[in-house]
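The values are calculated or read from the model by the stated rules, or taken from the named source; none is laboratory data. It should be emphasised that the depicted structure is a prediction, and the values quoted were computed from it without experimental measurement. Positions of Cβ are backbone-derived with ideal geometry, glycine not excepted, and every protein chain shown enters the neighbour counts. These accessible areas exclude ligands, DNA and RNA; they are computed on the full protein's heavy atoms, side chains included. Shrake-Rupley method; radii C 1.70, N 1.55, O 1.52, S 1.80 Å.
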Amino acid sequence: MSGRPDKLAVAGGTPVRSAMLPYGCPAVDDDDVAAVVAVLRSDWLTTGPKVGEFERAFAEAVGAQHAVAVSSGTAALHAAVHASDIAAGDEVVVPAMTFAASANVVAMQGATPVFADVEADTLLIDPLDVERKLTPRTKAVVAVDYAGQPCDYDALRDLCARRGLRLIADACHSLGAAHRQSRAGTLADLTAFSFHPVKHIATGEGGMVTTASADAAERMRRFRNHGIATDHRQRAEAGTWHYEMVELGYNYRLSDIHCALGLMQLRKLPVWLARRRAIARRYDEAIAPLGIVAPLAVRNGVEHAYHLYVVQVDRQRCTADRQTLYAALRAEGIGVNVHYMPVHLHPFYREHFGTQPGDCPVAEAAYERILSLPMFPRMTDADVDAVVAALRKVDAAYARS
Ligand SMILES: *Cc1c(COP(=O)(O)O)cnc(C)c1O
């Protein structure tokens, strides 16, 4: 049997690829490097002109009124939660299927994250379960555009308006996505983005919050600068050393070095989004005839930004579990990943907030079945074909006859 092209690499066969194809990877070109070098040779390494330039370009790109640059997606979420006056005694509803930071920022404010379950076909926050999780202490809802498609914002906005809640969008997966012609960044009261290298645009570390509220934008600018009402550049221009710290803030500033990189990356976003969508279409077509895995559903009326391409293992049709498929695909050189373990199952939340298995059964069941396939704009057609070839190999090996 050895040497047969369909023999799985985990069983001693030849892998589809010799080098591991990662699930995500940034693209940095010479013009990105040149933009960073120009800032390094300028007078302002931080709090300079590139910050406002990046904020204005970003706001325009997503159609938002205001954009506030911060040092990470987590800082963006924290600023949004702070600007929503979330404090000790408050509850904020957060989906179970997300990166821990979506809930951590609530805990950082001394408030309580309450986990809502997700819809089985999209893994997006389930507005009906949000409603069930509301109490008189609920102040806000964090909606996570999991994998890159906007949540059901019609239902969420309606619910938040009826109950007087702030709606915060975690759009760290969905830069460039849209819901009924409105782009991510304009769908909630406050929207957080990340520029971590695996996200749509990269600044190394970095983030942004968008909002239509001038008040919220001003509070977040203060929050990112220790709670000080003016920044260094404003004082230099006004010819004064005097400043006042009016509330407790953090150093969550994004440097001009990062912002110059972000500005250059932002120009390439439309081309990169088109490539992500083209890769997704190839995956859709190749996966449809396979029995063992199925892609997540895409909601009507959304433009998906495909930060992730997630499939679920169909245990009716597959003899192997997710762990076996994960190991088999990694052995073929395909860097599949799992996003995410439901947040309420992390030891921190069990210990400090009393969460436990059974709290969000849909997210927990999904967690046993999900795999993220490689997805980044620089993937070649040959890379995509390699993923498909590896999926066909595991399908041949594990499909129930
Ligand atoms: C990446 C990510 C974050 C955190 O962003 P950082 O820039 O890494 O701090 C938060 N939420 C989600 C859903 C993310 O994917």
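Between ALA161 and HIS352, the modelled labels are 3.6 nm apart [label points 7 Å from Cα along Cα→Cβ]. The share of alpha-carbon pairs in segment 25-157 lying farther apart than 20 Å comes to 58%. Rounded to a whole number, what is D in µm²/s for segment 30-265 from Stokes-Einstein with the Kirkwood radius over alpha-carbon pairs (37 °C, 0.692 mPa s)? This corresponds to a translational diffusion coefficient of 183 µm²/s. Computed about its Cα centre, the charge dipole of the chain is approximately 600 debye, with only Lys, Arg, Asp and Glu carrying charge at their Cβ.
Rolling a 1.4 Å probe over the heavy atoms of the protein chains gives the chain an accessible area of 42 Å² per residue.
Of the DSSP beta bridges with both residues in segment 30-265, give the percent that are antiparallel, rounding to the nearest 5.
Working: 15 of 31 bridges.
Antiparallel: roughly 50 percent of the beta bridges in segment 30-265.
Between CYS318 and ARG400, the built amide H atoms are under 5 Å apart, and every one of these is 5 or more places off in sequence or on another chain.
Placing unit charges on C-beta atoms (Lys and Arg positive, Asp and Glu negative, everything else neutral), compute the dipole magnitude of segment 1-121 about its Cα centre in debye, rounded to 20. Mind showing how you got there, number by number?
Numbers: 6 positive and 15 negative charges, 124 e Å.
Dipole about the Cα centre, nearest 20: 600 debye.
Of all the options VAL92, VAL362, VAL142, the one that moves most in a Gaussian network model of the chain with Cα springs shorter than 10 angstrom is VAL362.
If you take the alpha carbon radius of gyration of segment 219-262 and divide it by 2.2 N^0.38 Å, what ratio comes out, to two decimals?
On the way: Rg = 11.4 Å, N = 44, 2.2 N^0.38 = 9.3 Å.
Scaled against compact globular proteins, the figure is 1.23.
Looking at ALA67, ALA38, ALA11, which one has the Cα that reaches farthest to the positive end of the dipole of segment 1-105 (charges on Cβ: Lys, Arg +1; Asp, Glu -1)? The listed residue farthest towards the positive side: ALA11.
For a Förster distance of 30 Å, can you work out the FRET efficiency between the beta-carbons of ALA38 and ARG282, rounded to the nearest 0.05? Walk me through the numbers on the way to the answer.
Details: r = 37 Å, r/R0 = 1.25.
With R0 = 30 Å, the Cβ-Cβ based efficiency is 0.20.
FRET efficiency for the pair THR380 and ARG180, taken as 1/(1 + (r/R0)^6) with r the Cβ-Cβ distance and R0 = 30 Å, rounds to 0.35.
In whole angstrom, how long is each semi-axis of the equivalent ellipsoid of segment 1-86, when you take the square root of 5 times every eigenvalue of its Cα gyration tensor and sort them from largest down?
Working: eigenvalues 395, 93, 28 Å².
They are 44, 22, 12 Å, listed from largest to smallest.
Per-residue SASA remark: HIS232, around 110 Å² accessible (1.4 Å probe; ligands, DNA and RNA not included). Checking every one of the GluC sites (Glu not before Pro) in segment 220-309 against DSSP loop status and a limit of 10 other Cβ atoms within 10 Å picks out GLU244.
Working from label points 7 Å from Cα in the Cα-to-Cβ sense, the ARG137 to ARG400 distance is 4.4 nm. With one equal scatterer per alpha carbon and no solvent term, the Debye-computed log10 I(q)/I(0) for segment 330-401 at 0.13, 0.28 1/Å reads -0.58, -1.23. Roughly to the nearest percent, how much of the accessible area of the chain is carbon and sulfur, given a 1.4 Å probe? Answer for the chain: carbon and sulfur cover 52 percent of the accessible area.
If r is the Cβ-Cβ distance from ASP121 to GLU247 and R0 is 35 Å, what FRET efficiency results, to the nearest 0.05? Please list the in-between numbers first.
On the way: r = 43 Å, r/R0 = 1.22.
Efficiency, rounded to the nearest 0.05: 0.25.
In terms of its alpha-carbon gyration tensor, segment 121-175 comes out prolate; a/c meets the 1.5 threshold, and the first ratio a/b outweighs b/c.
Quick check on segment 196-332: take the gyration tensor over C-alpha atoms, sort the square-rooted eigenvalues as a ≥ b ≥ c, and tell me if it's rounded (a/c under 1.5), prolate or oblate.
Details: a/c = 3.05, a/b = 2.72, b/c = 1.12.
Prolate is the answer for segment 196-332, as a/c is 1.5 or above and a/b outweighs b/c.
Cα gyration tensor of segment 148-221, axes a ≥ b ≥ c as square roots of the eigenvalues: rounded (a/c below 1.5), prolate (a/b > b/c) or oblate? Oblate is the answer for segment 148-221, as a/c is 1.5 or above yet b/c matches or exceeds a/b.
Report Rg(Cα)/(2.2 N^0.38 Å) for the chain, keeping two decimals. Walk me through the numbers before you get to the answer.
Values: Rg = 22.1 Å, N = 401, 2.2 N^0.38 = 21.5 Å.
Ratio of Rg to 2.2 N^0.38 Å for the chain: 1.03.
Between amide H atoms placed 1.01 Å from N, distances below 5 Å from ALA116 occur with VAL94, ALA96, all of them 5 or more places distant or on a separate chain.
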